[in-house]
Amino acid sequence: QVQLVESGGGLVQPGGSVRLSCAASGIIFHLHDMGWYRQPPGKERELVADISSGGTTNYKDSVKGRFTVSRDNAKNMVYLQMNSLKPEDTAVYYCNAIFRHFNYWGKGTLVTVSS
């Protein structure tokens with residue numbers, strides 16, 4: 001059974017930092033491209049950052065220089081370090097794993113950026 005479990009969300013002040021983690025099980029992790037998506041309130045889900053099986057990263061323009069995606073294949077983990085957070089970063093953040101036609105999602109973790 002495939003599971004992607006996000007953790008690390010919560011309430012953070014503007015300018016603050018949060019590190020999200022995603023623990024994967026039931027997949028051959030190192031073969032999968034991993035991504036972080038988010039869904040702000042009342043909006044559609046969007047790609048925030050992804051990291052390929054080979055370690056190549058890609059970021060949404062609005063988070064470049066503030067967010068960093070990384071992975072630890074030995075631990076089956078993917079991370080999203082978020083710095084200089086803004087209120088517009090408020091969203092449910094989802095972990096995603098893709099390999100060929102297989103596409104898996106976590107249940108999400110809420111990040112609220114507010115003073």
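The values are calculated or read from the model by the stated rules, or taken from the named source; none is laboratory data. For clarity, every value in this text was computed on a predicted model and none was experimentally measured. Backbone-built Cβ (ideal geometry, glycine too); neighbour counts: all protein chains shown. Side chains are part of the model used for accessible areas, which takes the heavy atoms of the whole protein and leaves out ligands, DNA and RNA. Shrake-Rupley method; radii C 1.70, N 1.55, O 1.52, S 1.80 Å.
Below, the figures for the structure above:
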| item | result |
| --- | --- |
| 1.4 Å probe accessible area per residue over segment 48-89, in Å² | 50 |
| Built amide H within the under 5 Å cut-off of THR90, gap 5+ | VAL113 |
| Straight-distance crosslink candidates among lysines, where the alpha carbon sits under 17 Å from LYS75 and sequence neighbours closer than 8 are dropped | none |
| Over the chain: Kirkwood hydrodynamic radius from C-alpha pairwise inverse distances, Å | 14.0 |
| Listed residues LEU47, LEU4 arranged by accessible area, highest first, probe 1.4 Å | LEU47, LEU4 |
| Per residue accessible area of segment 1-44, 1.4 Å probe, in Å² | 55 |
| Segment 1-60: GluC sites (Glu not before Pro) falling in loop per DSSP and having at most 11 other Cβ within 10 Å | GLU44 |
| Accessible surface of the chain, 1.4 Å probe, proportion on carbon and sulfur as whole % | 48 |
| Under 14 Å from the MET77 label point (7 Å along Cα→beta-carbon), backbone N, segment 21-44 | 21-25 |
